[in-house]
1. List every residue whose amide H lies under 5 Å from the amide H of ALA42, counting only residues 5 or more places away in sequence or on a different chain, with H placed 1.01 Å from N in the peptide plane.
2. For the chain, what is the percent of antiparallel DSSP beta bridges, rounded to the nearest 5?
3. Calculate, for the range 74-195, the solvent-accessible area per residue in square angstrom, rolling a 1.4 angstrom probe over the heavy atoms of the protein chains.
4. On the protein heavy atoms, probe 1.4 angstrom, tell me the percent of accessible surface of the range 49-197 carried by carbon and sulfur.
5. Quick one: ranking ARG100, ARG268 by accessible area, 1.4 Å probe, largest first, what do you get?
6. State the label only: which of (i) 0.95; (ii) 0.99; (iii) 1.10 corresponds to Cα Rg over 2.2 N^0.38 Å computed from the shown model?
7. Kindly list the residues of the range 130-157 that lie in the label zone of LEU193, defined by a backbone N under 11 Å from the point 7 Å along the Cα-to-C-beta vector.
8. How large is ³J(HN,Hα), in whole Hz, for each residue of the range 163-168 in order, when computed from phi with the Karplus curve 6.51 cos²θ - 1.76 cosθ + 1.60 and θ = phi - 60°, using x for Gly and Pro?
Amino acid sequence: MDLDSSTPTLKRLIVTADDFGAAPEVNDAVEQAHRDGILTAASLMVTGDAAEDAVIRARAMPTLGVGLHVVLVEGRPVLPPEQIPHLVDASGQFRTDMVRTAITIFTKPAARAQLRAEVETQFARFAATGLALDHVNAHKHFHLHPTIASTILAVGRRYGMKAIRAPIEPGDVLNRIEPGWGGIDIARPWAALVRRRMRRAGLLVPDQVFGLAWSGALDTKRLRGLTEHLPDGLTEIYTHPATAPYPGSAPGYAYAEELAALTDRLARDRLRRDGVALGRFADFA
């Protein structure tokens, strides 16, 4: 990246790709968006079908901040299914019903013990890659669950966790870009609680995050709008780029359009023109 993250500025920006390691199509997009665009970070799914390929690519891109994308829903666990029966379905995969899983974790001590074991194992697998842990977040933002947040905090600090996402998205900014998008986010109170708690623990947490309302639809026009209306402080924009749909990808997600947005020259030029400091979580910690 040639935008200077050390430049004194009121506006600092991290641009993240989630689901790194899910498939070769995602890994290809992450590499393109980092080498040729504004992507500065990627969140690794350590049990993704292409996780090994993602690690190899990451080692060749030392300026990419790689974090852990903790998966506890809609994915494959690290531990054998028989060791975490409260978290998986009959196929051995994590359950897709987040509400049911959330209630189970809250009400059953055995489920909480299985949760801690799985989270510990995912952190350990990331550590085994030898990559520096730039940040942590959770698939589907499941770390907004208080018990999951507590578990990630307790385990993550022992593995050097220094930064985490709290998805608080300013509706007024969205509304300036596309009138009518500044609605109520029902997860905001939980995200605000996570932000306060994690900051109290000494972790870096961005002031605002974009990508929630437009998840899977952060196209070039919208990304240009975000770069034009970027608030002061530390902002994270998280994305889901891929070169094409892949097995297990979300129906309706505009993966290729998000990749095009991340490599859009006008958005990049605007950040440079406005003196925005672009970097990884580690650059701002």
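1. ALA17, GLY65, VAL66, GLY67
2. 5 percent
3. With the other protein chains kept in place, the range 74-195 gives 47 Å² per residue.
4. 58 percent
5. ARG100, ARG268
6. Checking each listed value against the structure points to (i).
7. Residues 144-150 qualify, since their backbone N sits under 11 Å from the label point.
8. Each residue of the range 163-168 in turn: 8, 8, 8, 10, x, 10 Hz.
The values are calculated or read from the model by the stated rules, or taken from the named source; none is laboratory data. Predicted, not measured: the structure shown is a model, and the values here were computed from it. Counting neighbours? That spans all protein chains shown, and the Cβs are built from the backbone with ideal geometry, glycine included. Protein only, heavy atoms only, side chains kept; ligands, DNA and RNA dropped before computing areas. Shrake-Rupley method; radii C 1.70, N 1.55, O 1.52, S 1.80 Å.
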